[in-house]
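Novice: One structure, pasted below without further comment.
The values are calculated or read from the model by the stated rules, or taken from the named source; none is laboratory data. It should be emphasised that the depicted structure is a prediction, and the values quoted were computed from it without experimental measurement. Ideal geometry is used to build each Cβ from the backbone, glycine not excepted, and the neighbour counts take in all protein chains shown. Note: areas computed on protein heavy atoms with side chains; ligands, DNA, RNA excluded. Shrake-Rupley method; radii C 1.70, N 1.55, O 1.52, S 1.80 Å.
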Amino acid sequence: MHADQPAEQKRLDKVVVEIDGQLERAKEAYAQAHSETRAVEGNYIANTSINTFEVDDAMETNAEIQQQRNIVARVTETENIMRKTVDTLTMLRPSPYFGRVDIDEDGDQDTLYIGLASVQDKIGDFLVYDWRAPISGIYYNGTLGAVTYPTPMGEQEAELLKKRQFTIEDAQIVNMFDTNETVGDEMLQYALGQENDLTMRNIVATIQQEQNQIIRDTTSDLLVVQGVAGSGKTSAILQRIAFLLFHAREELNSDQIVLFSPNRLFSSYIADVLPSLGERNMRQVTLAEFFSARLQGLQVQTLFERYEIGQSETTAASLRVREKLESARVVDDLTAFVEQLTPETLRFDNIYFEDEVFFGKEAMTRVFAEFSDNYSVRERIQMTQKRFMERLERRIDQLVNEDWVLEELNNLDDQQYRDLLGDELAEQVAEEEEMGDAINIAAKRLLQREFQVVDDALYNMHFFDIYNQYGDFLAYMAERSELDTEWWLAKRDRFLRELEYHRIDLEDAAPMLFLRDLITGGGTNKSMFYVFVDEMQDYSMAQLLYLKHAFPAAKFTVLGDAEQALFRDVETPAALLAKYSQAFKATHPNLITLNKAYRSTQEIMDFAKALLPDGDNIMAFTRPGGKPKLIVTTADEEGQVIWQAVDELKAEHRTVAILTKTQDQAEAVARMLRKYPEKFQLLQASDRTRTSNFVVMPIYLAKGLEFDAVIGYDVSQTNYPDSEATGLLYTLASRAMHALTLISVGPVSGLIRDVQETLDISVLGD
Ligand SMILES: Nc1ncnc2c1ncn2[C@@H]1O[C@H](COP(=O)(O)OP(=O)(O)OP(=O)(O)O)[C@@H](O)[C@H]1O
């Protein structure tokens, strides 16, 4: 035991007593705030139900309602604050802190304890500092000696005298030690040696120096993180989000942060991290979901559907077409295409009202043609839109005095009438001396409501047929491409064919949306402040650029691992940064490279590294385990071999996954295990949650996930024939934390044969 442990425990006991006291008071205050809210709400409902139909009393009631609303808002806010305090203190109590630093600032010595949130005593002294406080950076960044930390007045210098780490459970110090490391190995060893469960944990107690740079970067407008498998990229960005929320509490909330994640399973896997840090989750979306929402009614192909198709049908020419559609240059092609559009080649569409053409496309074309082509197509489209909105307005004005309108008005009861006008207007109308004006306003409202669909269609520019226009763009590309004309036309035909089924290929989504936004001038959301893109290697440049266009006010953090690419060649981190910075026109780009892999044992990482041509760059964290196993078997025996491997691994580990190359193979494995005594979950792309500790799934769905033990099914030469599959095998191996077993049905893949010294091999059958 450390000599200081009794003294530290005594200090901890005191902190816990303080927390208990604060918790008790907070609970009381919360209970009081809660009942106050209930009372005020009750009162509010009682008050609002009086007099609102009697127009004479409406003004008075309205003022009263407003006052009541303010009271409700105030008490609800107090209640929320108190609830948050209770939650934070409850979260802290079992383990109030994990670190301590002793510093000397110009002769003044200070001891600081670092935990998940701040605790102050009665006189305002900090018993615990939030891990995100500027001064806490010392704990993560500094080794003993001279250190600096940021203050509003600039960098403050200090000397770091001591750094201590604690493992505290149930308010008892289980372990503590002093370290000179940034964050000592011992604690990390402990954290990484744990068996896994279904959701990711936070890593605040053991954040490493290079991860800390990602977390605390507040200046870059484009932060690119290239990190090897298991280097803590995902962990780092989640703690980064918590950090950003802490630092800009007033200006930023979690709804202004969006994370693009590879699939829904991943979303649920990471869902607990931010709440465990006392923060609300950011928004999460997959690329296909994002595109589908913007292309209402169309189902956008997912990465995985695309991957599965890629296994069967691709030719060099079709790949070139795809490459072009996915490149940054496609934006230039689209811009050029839009510039040369004329009234004749712009695809206007009818606007319908009750199944009849209300504004015809010919009229649209005529109006568009009236505007000078000194204006851009976008400006002319917007002017056309405005012109038709005015026409709609005029049409409504003409109809105001029609008998049928007045009759409809007469048939409204009081409530419907108020609904039609809205409270405020109803009051105004009630005050009008002239009855005729009131009826006019009401009639106009009625008509506006009636023609709302037309107004919406104009507002959303549905008078413009984006699909056929995009088809024309593909034909335009065909005309300009000497080599691939036929393939561009084939692409267009496929696009139009898929459209019949309300489907669209992933590679078409970004260019088509760009085209729409170039022509209509819409599509941007300025309220998003931070955009995170995980698994960046699976995004095309055109897709990333579309995200940049869609969120013009956001700072971007893109992270991934070029080696795990599903589709692309590996790029160096520097080349990646250059490419992204240029495309994003970033003013403060930053690249952070993580080369240390924390997830897997040394032996698993030795195997995974050996698969890669430049694997030597990867440093495995020294955590020993057994060598990965390779079992070579036959088609007759494979069922039995899988079964045995599962038995063995399940005996020792909590989470076990069988990873296959494709969905079909996952289903085949599931059939072989049909009679296995324990339940397992066969996962597919549409699944949102993992509910079992034992799963069967294709590798691409396991991206970003991890398991105590992994079985790699069928690593044979037939299944992984050439070096294109390297990324997949590497991803597969690096999902395993403690144990990895590979099964090959027939001769093993050459990729693995080349690195067989990293494996324990057994050959079964003939
Ligand atoms: N500083 C750390 N302290 C404790 N655990 C860590 C730390 N960094 C990473 N880990 C652990 O290593 C594992 C891998 O982390 P994470 O999933 O964030 O890596 P990644 O780079 O996103 O991986 P991949 O690209 O392979 O999906 C997780 O179990 C995580 O908890």
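Novice: Here are some conditions: (1) among the small types (Gly, Ala, Ser); (2) at pLDDT 90 or above; (3) over 16 Å from Leu298 (Cα atoms). Ala510 meets all but one. Which one does it not meet?
Specialist: Among (1) among the small types (Gly, Ala, Ser); (2) at pLDDT 90 or above; (3) over 16 Å from Leu298 (Cα atoms), the lone unmet condition for Ala510 is (3).
Novice: Would you point out which residue out of Gln284, Gln301 is closer than 27 Å to Gln684 by Cα and modelled with pLDDT under 90? Spell out how you get there, then give the answer.
Specialist: Numbers: Gln284 fails: modelled with pLDDT under 90.
Testing whether each residue is closer than 27 Å to Gln684 by Cα and modelled with pLDDT under 90 leaves just Gln301.
Novice: So in segment 323-344, with the set limited to residues that are out of contact with any helix residue (DSSP H, G or I) (no Cβ under 7 Å at 6 or more places or on another chain) and either outside any helix (DSSP H, G or I) or among the aromatic types (Phe, Trp, Tyr) (or both), which one is most open to solvent (accessible area, probe 1.4 Å)?
Specialist: Glu344
Novice: Which numbered condition in (1) within 26 Å of Ala574 (Cβ to Cβ); (2) surrounded by 21 or more Cβ atoms within 10 Å (Cβ to Cβ); (3) at pLDDT below 95; (4) not small (Gly, Ala, Ser) is the only one that Arg240 fails?
Specialist: (3)
Novice: Taking the condition outside any loop (DSSP other than H, G, I, E, B), in contact (Cβ under 8 Å) with a residue 60 or more places away in the chain and either surrounded by 15 or more Cβ atoms within 10 Å (Cβ to Cβ) or under 19 Å from the mean Cα position of the chain (by Cα) (or both), does Phe177 pass?
Specialist: Values: outside any loop (DSSP other than H, G, I, E, B): yes; in contact (Cβ under 8 Å) with a residue 60 or more places away in the chain: yes; either surrounded by 15 or more Cβ atoms within 10 Å (Cβ to Cβ) or under 19 Å from the mean Cα position of the chain (by Cα) (or both): no.
When the stated conditions are applied, Phe177 does not pass them.
Novice: Continuing with the same structure: Only one of (1) at pLDDT below 85; (2) over 32 Å from the mean Cα position of the chain (by Cα) fails for Gln564. Which number is that?
Specialist: (2)
Novice: Within segment 163-170, can one find any residue that is in contact (Cβ under 8 Å) with a residue 12 or more places away in the chain, assigned to a helix (DSSP H, G or I) and either farther than 30 Å from Arg25 by Cβ or open to solvent by 70 Å² or more (accessible area, probe 1.4 Å) (or both)? Can you show your working first?
Specialist: Step one: list which residues in segment 163-170 are in contact (Cβ under 8 Å) with a residue 12 or more places away in the chain, which gives 163-170.
Right, trim to assigned to a helix (DSSP H, G or I) and you get none.
So far as segment 163-170 goes, no, none of its residues is in contact (Cβ under 8 Å) with a residue 12 or more places away in the chain, assigned to a helix (DSSP H, G or I) and either farther than 30 Å from Arg25 by Cβ or open to solvent by 70 Å² or more (accessible area, probe 1.4 Å) (or both).
Novice: OK, next. When you check Ala242 against the structure, is it within 16 Å of the ligand (Cβ to nearest atom), among the hydrophobic types (A, V, I, L, M, F, W, C), farther than 30 Å from Val710 by Cα and in contact with an Asp or Glu (Cβ under 7 Å, 6 or more places away or on another chain), yes or no?
Specialist: Working: within 16 Å of the ligand (Cβ to nearest atom): yes; among the hydrophobic types (A, V, I, L, M, F, W, C): yes; farther than 30 Å from Val710 by Cα: yes; in contact with an Asp or Glu (Cβ under 7 Å, 6 or more places away or on another chain): yes.
Yes: the conditions hold for Ala242.
Novice: Sticking with this one: Mind checking which strands (runs of 3 or more DSSP E) fall wholly inside segment 680-766 and carry at least 2 residues that are open to solvent by less than 10 Å² (accessible area, probe 1.4 Å)?
Specialist: Working: elements: 694-698, 707-713, 736-745, 760-763.
The qualifying strands (runs of 3 or more DSSP E) are 694-698, 707-713, 736-745.
Novice: Now a separate question. When the residues of segment 1-40 are narrowed to those that are farther than 21 Å from Thr90 by Cβ and of a type in the set (A, V, I, L, M), which ends up surrounded by the fewest Cβ atoms within 10 Å (Cβ to Cβ)?
Specialist: Selected residue: Ala3.
Novice: Could I ask something else about it? Regarding Ala666, is this residue modelled with pLDDT of 95 or more, in contact with a Leu (Cβ under 7 Å, 6 or more places away or on another chain) and away from the ligand (no atom under 16 Å from the Cβ)?
Specialist: yes
Novice: With the structure loaded, tell me whether Arg674 is open to solvent by less than 50 Å² (accessible area, probe 1.4 Å), among the charged types (D, E, K, R) and not in a strand (DSSP E or B) or whether it fails that test.
Specialist: no
Novice: Is it the case that some residue within segment 557-572 is within 20 Å of Leu303 (Cβ to Cβ), open to solvent by 10 Å² or more (accessible area, probe 1.4 Å), in contact with a strand residue (DSSP E or B) (Cβ under 6 Å, 6 or more places away or on another chain) and within 16 Å of the ligand (Cβ to nearest atom)?
Specialist: Within segment 557-572 (the criterion being within 20 Å of Leu303 (Cβ to Cβ), open to solvent by 10 Å² or more (accessible area, probe 1.4 Å), in contact with a strand residue (DSSP E or B) (Cβ under 6 Å, 6 or more places away or on another chain) and within 16 Å of the ligand (Cβ to nearest atom)), the answer is no, since none of the residues qualifies.
Novice: Looking at segment 78-121, which of its residues are assigned to a loop (DSSP other than H, G, I, E, B) and over 13 Å from Ile19 (Cβ atoms)? So that I can check it myself, show each step before the final result.
Specialist: Step one: of segment 78-121, the residues assigned to a loop (DSSP other than H, G, I, E, B) are 93-98, 106-107, 116-118, 121.
Once the filter is applied, which keeps residues that are assigned to a loop (DSSP other than H, G, I, E, B) and over 13 Å from Ile19 (Cβ atoms), segment 78-121 yields Phe98, Asp106, Gly107.
Novice: I would also like to ask the following. Report whether or not Tyr546 is modelled with pLDDT under 90, among the aromatic types (Phe, Trp, Tyr) and surrounded by 20 or more Cβ atoms within 10 Å (Cβ to Cβ). Don't jump to the end; show me each part of the working.
Specialist: Values: modelled with pLDDT under 90: no; among the aromatic types (Phe, Trp, Tyr): yes; surrounded by 20 or more Cβ atoms within 10 Å (Cβ to Cβ): yes.
So Tyr546 does not fit the description; no.
Novice: Same structure, new question: Looking at segment 596-618, which of the residues that are open to solvent by 60 Å² or more (accessible area, probe 1.4 Å) and closer than 20 Å to Gln211 by Cβ is nearest to the ligand (Cβ to nearest atom)?
Specialist: Lys596
Novice: Report the residue count in segment 185-238 for those that are assigned to a helix (DSSP H, G or I) and more than 6 Å from the ligand (Cβ to nearest atom).
Specialist: We begin by selecting, within segment 185-238, every residue assigned to a helix (DSSP H, G or I); these are 185-193, 204-206, 209-215, 233-238.
With the extra rule that they be more than 6 Å from the ligand (Cβ to nearest atom), the set shrinks to 185-187, 189-190, 193, 204-205, 209-210, 212-215, 236-238.
The qualifying residues number 17.
Novice: For residues that are small (Gly, Ala, Ser) and part of a helix (DSSP H, G or I), scanning just segment 123-142, find the one that is surrounded by the most Cβ atoms within 10 Å (Cβ to Cβ).
Specialist: If we filter segment 123-142 for residues that are small (Gly, Ala, Ser), which is where we start, we get 124, 133, 136-137, 142.
Cutting the leftovers down to part of a helix (DSSP H, G or I) gives us 136-137.
Details: Ser136: 22, Gly137: 19.
Here the residue is Ser136.
Novice: Separate question: Out of segment 684-707, which residues are aromatic (Phe, Trp, Tyr) and either within 16 Å of the ligand (Cβ to nearest atom) or out of contact with any Phe, Trp or Tyr (no Cβ under 7 Å at 6 or more places or on another chain) (or both)?
Specialist: If the condition is that a residue be aromatic (Phe, Trp, Tyr) and either within 16 Å of the ligand (Cβ to nearest atom) or out of contact with any Phe, Trp or Tyr (no Cβ under 7 Å at 6 or more places or on another chain) (or both), then Tyr700, Phe707 are the ones that fit.
Novice: Just give me the residues in segment 252-276 being over 16 Å from Phe532 (Cβ atoms) and touching a residue at least 12 places away in the same chain (Cβ under 8 Å), in sequence order.
Specialist: Our first condition is that a residue be over 16 Å from Phe532 (Cβ atoms); within segment 252-276, this holds for 264-265, 268, 272, 275-276.
Within segment 252-276, Arg264, Leu265, Ser268, Asp272, Ser276 meet the criteria.
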